[in-house]
Each structure stands twice: as C-alpha cells, then as structure tokens.
Amino acid sequence: MARPTPACLAEPLTAFMSNHPAVRFVRLLWIDLTGTTRARVLTAVRFGQGLRGKWLLRIGGNFLALADNEAPLNVCNPAWSVGQCCLVADPTSIRLWPSDKTHAVVFCYFAKPTENPASDIQYHELCPRHNLHRSLQSARDIGLELLVGTEIEFVCTKSPRADSSIEVQQVSGLRCLESFMLPILCEVSEHLGQGNILVQQFYAEGGEGQYEIALEPCPPTEALDALVLTREIIWNVCHRHGVQVSFHPRVGTPGRWAYNGVHLNISLHGEVLAKGKVDGQFIAGAFDHIDSLFAFGLPHPECYHRTQPNQQAIGRFKSWGTENRTVPVRRKGDHLWEFRFLDATANLYLFLAALTAVGADGMEKEAQLTLSDCSGKPLSRLKRLSAIIPILLLAMPLSYFASSFHLH
C-alpha cells in the first residue's frame, strides 16, 4: 500500500471543514498500544493552517505506549521522553463530534517525524491503526472483505447524592429500562445518531446495573472508530446526569458481579468465498493462533475474571459453537462469527489486525477447522447418557455390587 502524501490527505479534510463552517475545534484522537484513547484539541483556525501548510502535529514519541499510573511520569526512565512522533489525520474518519456540532473529531495515525512535510509519510511500525489497515489490505488482496458489528457492555450506578432506591435487574427487563437509565440511553442514542453512528438496540444485561448497546455493522476501521466514540458519549452523558459508569471487565461486589465485555461480530464477504474458500478456513486460521488472540483481547489479569467455569460470558475453553454463548467464538450464521471474549481494556485495532491477518492466512492455506462445533444441546446429551447407563450396569459383574454395599 503506497504511503500517502500530506497533500492528498489534506484535500478531503479541507472539504469537510468548508462544509461545516460552525466547527470551531477539532479533536485529534489516537489509540495507543495500551488501548487508551488520547487526544489533542486544535482550534479550527490552527487545523486549517496545518492543512494549508502541510505540517504535521508533533508530540512526544512516548505517547504511543504511555502507561498512566500514580508514579511520576517516566520516573524510572527519564530518557524515555526523548524523541518525537507525528499525528497524521485519517481523512476517512473525520466527522462532527456526536454531542457538539462546534467540534469535529478525526482519528490519527502515528508517523515518524520528517523534516520535509511534503514528502511521503512514513507510518510508525507500531501504530495500531496502520497495522489494521495493512491487514485489511492483505485480506483485500485475496478477495476478502469484512463487515464488523460491535456490542459494548457497561455498568451504571447512581451517584451517592441521587435516589438510592435499588432497581430489580433482569436481562432485557422492561422495568430496568423504565428507571433512571431510559432517558440516558435514549440521549446517548440520539447523540450518536447525530454523529452518523447508528444504534441497533440497547437493553438491560444480567449484572447489577448492567446495560448493552449494539451498533450497526460497517467497515472494520469505521466500526472501531464508532465504538470508541460510543464509549466516550456514554461516559459524557452519564456524567452529566450524575451517573457513574464503568466498562471494567468485572464490576460490583462478591456474589453480585457484573462482567463487561465487547463483542465483535465479523461478517465475511468478497470474491474469495465465490472461489470456493469457506469461512471455516478463516476460523481455522484464528484457532491456529488463538493463544495470541487471547493475549490481544484479554490483556490484563482482571480480564480473566470472565473466563471462570460455568460463566455464560465466554467460558474457559478454546472452542467455538453454533449459537453457543458459553464459548469464546460463536457462529451466528453463514459467514457470520461473533468473537465474545474481548473487553474494553483491549486495543481493538491491534486485535482486529491480528485476527484479519491469521484468518486470511488460514483461507490462503485452506486450513482445516479440526475443532468440533460445541452446539450445546445438553438435553440430547442427557438422553444419550440415559440410554447408555442401563447397558453399563448390565455389563458390570455382580462382584462389583457385592463389594460396593455393606449389609447391616
């Protein structure tokens, strides 16, 4: 994929700004290697000057992998702050900020600094967005296209100053929605719609104060950008209403935990399927590298609270199943797969880059999916077991029973 020049990137950005004269500020967003959303805000005037002058905004090179904690910045390695990188706006991602028409937002690549801004841009080799685009281009080279639908779970609790009454929590329960959360969730959906992010549905989940929002499927990078903005709008709207919100993998108290996840629904399309390739080969490629995918999707120790035995969330086995919600990968239909094991702590751009790469590799190599379909059907298994038990009993010698019982 040829590296674009600042000139070709600037044209659609300039057109957007011309079509939206009410925009006064532009938020430059990027997702670093820790999965943290970071931002710089420019005035519209300064953003326009940059487009005309073809300069790139420079920031510290450490902002690609900055770990936020309570320690002083770079206390262990002061030299880590040496160096610079550039933010390069992705013109396909610019839009109005969903809740404020005077702000625009654009997602950025991380690029190496250059003394000649008019030269080709050299993306940083660790830039998550660039790596995703590289993987998607490799998939397109073999005729594979993806659509991605996203779902995000979160827990909302009232501020201590608000009404402390406890609502009854039920999965998809109407009473849960007809609480203080209904106007908030409606406001979130309306704001997202203003930013051309379409909400399919929202509903109450099973954990205490837990809800889920599902977004319309769209191309991969656009889908992940929309998910980032959705999370920000949820937080902003809840904050304005005095409601605390958490996307952490486990929220609550012992015995009343809620487990928050992020689900990616991957729909496979393209010429490669018409050529006889099957989506099972894509999934076989994924399972050939499933340990690495788990590392991308579950990057912190806290993530593995959701992988306990008998959890509906994702279970703890490397498996897939048709309409099975207790396994990490769920088959929802022809060419439609749901990756259920991720959560909001993951860098989804890196995960999807890795998944696309190994899935496309599996299709190229015609990998065989050797894992059986865990379709569930526990009742049919019990029926089979009940039919086998009498045969086993008849086959056991009487001496077994004599030694197993004590007469009194």
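The values are calculated or read from the model by the stated rules, or taken from the named source; none is laboratory data. Model, not experiment: these values are computed from the prediction. Glycine also receives a Cβ, built like all others from the backbone with ideal geometry; neighbour counts cover every protein chain displayed. Quick note on the areas: whole protein, heavy atoms, side chains included, nothing else; ligands and nucleic acids left out. Shrake-Rupley method; radii C 1.70, N 1.55, O 1.52, S 1.80 Å.
With just the Cα atoms defining each centre, how far is segment 291-330 from segment 220-256? Give it in Å.
Cα centres, segment 291-330 to segment 220-256: 20 Å.
Apply the a/c threshold of 1.5 to the C-alpha gyration tensor of segment 238-359 and tell me whether it is rounded, prolate or oblate. Before the final figure, lay out the partial values.
Working: a/c = 2.13, a/b = 1.82, b/c = 1.17.
Judged from the Cα gyration tensor, segment 238-359 comes out prolate (a/c at least 1.5, a/b above b/c).
Which of 258, 280, 224 sits farthest toward the positive end of the charge dipole of segment 224-286, with +1 on the Cβ of Lys and Arg and -1 on the Cβ of Asp and Glu?
So the residue we want is 258.
Label-point separation (nm) for residue 126 and residue 325, each offset 7 Å from Cα along Cα-to-Cβ?
The modelled label-to-label distance comes out at 3.9 nm.
Taking +1 at the Cβ of each Lys and Arg and -1 at the Cβ of each Asp and Glu, which of 304, 268, 292 sits farthest along the dipole of segment 264-329 towards its positive end, judged by Cα position relative to the Cα centre?
Projecting each Cα onto the dipole axis, the largest value belongs to 304.
Which pairs, out of 277/318; 275/318; 332/365; 112/365, put more than 32 Å between their alpha-carbon atoms?
112/365
Please list, by residue number, everything in segment 138-157 whose backbone N is under 18 Å from a paramagnetic label point 7 Å out along Cα→Cβ of residue 278.
It comes to no residues whatsoever.
How large, in percent, is the carbon and sulfur part of the accessible surface of segment 15-71 at a probe radius of 1.4 Å?
Working: 1630 of 3020 Å².
Carbon with sulfur: 54 percent of the solvent-accessible area.
Using a 1.4 angstrom probe on the protein heavy atoms only, line up 282, 202 by accessible area, largest first.
Largest to smallest exposure gives the sequence 202, 282.
Expressed in whole Å with the largest first, what are the equivalent ellipsoid semi-axes of segment 178-227 derived from the C-alpha gyration tensor as the square root of 5 times each eigenvalue?
They are 22, 13, 7 Å, listed largest first.
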